[in-house]
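Have a look at the structure below before the remarks.
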Amino acid sequence: MSRLTVGQEEAPAKLGPGLVEVAVTYCGICATDTHNYTSGGQIPASVFGHEWTGTITRTAEDVEGLPAGTRVIASVGAACGVCAMCQAGHAEHCDLAFAEANGLAPGSPTHGAFAQSLIVTARRVMPVLDGLSDIEAALVEPTAVTFHAVRRTRQPLGAVVVVQGAGPIGLLAAQHARHAGAGQLVVIEPNAQRREAATKLGFTDVLAPGEAAQARVLEISNGLGADVLYECTGVAALLQPSAELVRRGGTLSLLGFPMTDSTVSYGDWQLRELTVIGSLAYTRDDFLGAQRAIADGSVRVADLHTATIGLGDLAAMLDELDSGKTEQAKVLLDPRR
């Protein structure tokens, strides 16, 4: 039985201050959506369908610079300058922008973009750069997630890099890491189709987990281990094994979000002086950087797009993605279908 309901709501005759209405072109489906679906809606409603692009159809009277017809993507606003974090000098961790990213900000929409239209605050949209297709625009949000993570990691030029997991997040992180100047890059992924996807993106060291992958990391690092490892699977049991692939003094960067507790060796991490970087969501700057990386070809996102569905197919696709047996990478929903 479907855990989704599809309904209709009447759009307001007049938009409130600071709001825009967007006709949704595409909305991507990600692991957050499947987790919400299987958990019975435990995340804020506006986050269920948060990877979207569309066209502005109307705006409130006080909104400037976003005329009807402007192609936009979901984003977060600039640092507000007045919250506690901003006032303390930590604008990159603005409370308002973080709340926007997590559907907790004042004025968050009552639903996400698995819909034909959406009303959001003007802070939450960013114009699409010229040259990006609608499909590329729909994939900016996960690209911004991974752009943010690689930027926070401060990966050294020429670094030996390992990317654990070649799902959409892993494939995007690997491309950003390459763009950031990785000297050697190894992708580790158990699924053959995903390994093939990594190879098509130009990665040459693409291996299944196991002794061969560990030996390759040691070979290219002169027996030391990776300078940086991006953990992109979110599998709790892989956290300690991933850390053990990192050299003494290296960096473990966490992108995947485990839904259960992880058991790690704190003593091992301390003994080897690992730097551990947690990364979640993004800033407004990350969306602009992600768009530029797509526009100049440094990051290829259209290759990740494997299917487009309509609203009527959403429940079945969420079931498939949750099964762990899907061959899909990035699925887009077209609400006009």
Exercise. Could you grab me the full set of residues in segment 193-235 that are without any contact (Cβ under 8 Å) to a residue 12 or more places away in the chain and not in a loop (DSSP other than H, G, I, E, B)?
Key: E196, T199, E211, A212, A215, L218, E219
Practice problem: Mind telling me which of the residues A149, A182, A166, A174 ends up being in a helix (DSSP H, G or I), over 12 Å from the mean Cα position of the chain (by Cα) and crowded, with 19+ Cβ neighbours inside 10 Å? | Solution: A174
Practice problem: Pull up segment 73-106, narrow it to residues that are free of Cβ contacts under 8 Å to residues at least 40 places away in the same chain and either of a type in the set (D, E, K, R) or in contact with a Gly (Cβ under 7 Å, 6 or more places away or on another chain) (or both), then point me to the one that is nearest to G289 (Cα to Cα). | Solution: E100
Quiz item: For segment 143-168, how many residues are among the hydrophobic types (A, V, I, L, M, F, W, C), out of contact with any Phe, Trp or Tyr (no Cβ under 9 Å at 6 or more places or on another chain) and in contact (Cβ under 8 Å) with a residue 40 or more places away in the chain?
Solution: 2
Practice problem: Evaluate segment 136-145: report whether one residue or more is modelled with pLDDT of 95 or more, part of a loop (DSSP other than H, G, I, E, B), more than 19 Å from the chain's Cα centre (by Cα) and not aromatic (F, W, Y). | Solution: no
Exercise. Of all residues in segment 317-332, count the ones that are among the charged types (D, E, K, R), in a loop (DSSP other than H, G, I, E, B) and free of Cβ contacts under 8 Å to residues at least 60 places away in the same chain.
Key: 1
Quiz item: If you scan segment 56-75, which residues turn out to be of a type in the set (V, I, T) and buried (at least 17 other Cβ atoms within 10 Å of the Cβ)?
Solution: I56, T59, V63, T70, V72, I73
Exercise. Give the residue, chosen from L288, L314, L280, that is hydrophobic (A, V, I, L, M, F, W, C), assigned to a helix (DSSP H, G or I) and farther than 21 Å from V331 by Cβ.
Key: L288
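The values are calculated or read from the model by the stated rules, or taken from the named source; none is laboratory data. Everything numeric here is computed off the predicted structure, so don't read it as measured data. Cβ coordinates were reconstructed from backbone atoms using ideal geometry, including for glycine residues, and neighbour counts include every protein chain displayed.
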